[in-house]
Amino acid sequence: MASNEAKITIEGKEEVEVNYSQRAQWLRAAVLGANDGLVSTASLMMGVGAVKDDSKAMLISGFAGLVAGACSMAIGEFVSVYSQVDIEVAEKKRSKDTGGGGGGGGGVNEEQLPSPVQAAVASAMAFSVGAVVPLLAAGFITRHSVRLGVVAAAASLALVVFGWIGAVLGRAPVVRSGLRVLLGGWMAMALTFGLMKLFGSYTAL
C-alpha cells in the first residue's frame, strides 16, 4: 500500500480522510476576514463620525468600506493561496522526478491542495459579516454621540467574540487572545478617530 494514501478504514469500510490542512486554510481566512472587516469598518465609521455628525455619511462610508474591503480580501486571499498551490504542486513534481517516480502513486492529488476559490469566498463573506456589525449598530441611532458610543460598544463585543473563536480554533489561551484582539481594535478605532478629529480641526482653521 502506498504511504501517501489519505484514507482510513472504519469497521471494514474505506473512507477518505478529512483534509485538515485545507479546512484550516479557510477557517483561518474566515476568522481573519471577520476581524479585519469589523476593525476596518468600525474605524472608518468612527473616523468619519469624528468630523461629521451626519448619520448618512457614516453609513455610506461604512458600506463603501465593506464592499471595497471584501473585494480586496477575496482577491488577496485568492492570489496568496493560488501561489501556495503552485509552490506545492511544483515541489511534489520535483520530488517525484528526483525520487525515480516509480509506480502510479506519485501524481499530484488536487483534492489535498488548498482551494483558492474557497479561501477567497470565505474571506470575503467573513469580512462582510464583521463589517455588518458596526453598520447595524449605527443604522438605527439618530443622536451623533450615542451613535459613536454604540458603534464602539458593538465593535468591542464582536471583537471579544471573534477573539474567542480564533483562540478556540487555534487552541490558544482564550483570555489572552481575546484581550489582544480587543486592545488592537480599540487602538485602531481610537487612532483613526483622533487623527480625523485633528485633521478636521486643522481644515476648519
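Data for the structure
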{"read-out": "In segment 145-165, residue surrounded by the most Cβ atoms within 10 Å (Cβ to Cβ) [restricted to those that are over 21 Å from the mean Cα position of the chain (by Cα) and either among the hydrophobic types (A, V, I, L, M, F, W, C) or outside any helix (DSSP H, G or I) (or both)]", "value": "L148"}
{"read-out": "Residue list for segment 109-140, filter: modelled with pLDDT under 85 and either closer than 19 Å to A57 by Cα or of a type in the set (K, R) (or both)", "value": "G139, F140"}
{"read-out": "Count of segment 65-89 residues which are of a type in the set (A, V, I, L, M) and closer than 25 Å to G47 by Cα", "value": "6"}
{"read-out": "Subset tally (residues that are of a type in the set (F, W, Y) and either farther than 22 Å from D53 by Cβ or surrounded by fewer than 16 Cβ atoms within 10 Å (Cβ to Cβ) (or both)) for segment 187-205", "value": "2"}
{"read-out": "Residues of segment 122-144 classified as under 15 Å from the mean Cα position of the chain (by Cα) and among the aliphatic types (A, V, I, L, M), total", "value": "8"}
{"read-out": "Residue match in segment 159-175 (condition: in contact with an Asp or Glu (Cβ under 6 Å, 6 or more places away or on another chain) and at pLDDT below 90)", "value": "no"}
{"read-out": "Selection status of L179, surrounded by fewer than 20 Cβ atoms within 10 Å (Cβ to Cβ) and at pLDDT 90 or above", "value": "no"}
{"read-out": "Complete set of residues in segment 128-144 that are part of a loop (DSSP other than H, G, I, E, B), in contact (Cβ under 8 Å) with a residue 12 or more places away in the chain and surrounded by fewer than 16 Cβ atoms within 10 Å (Cβ to Cβ)", "value": "T142"}
{"read-out": "Hits in segment 26-76 (condition: at pLDDT 90 or above and aromatic (F, W, Y))", "value": "F63"}
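The values are calculated or read from the model by the stated rules, or taken from the named source; none is laboratory data. For clarity, every value in this text was computed on a predicted model and none was experimentally measured. Positions of Cβ are generated from backbone atoms using ideal geometry, with glycine treated the same way; all protein chains shown enter the neighbour counts.
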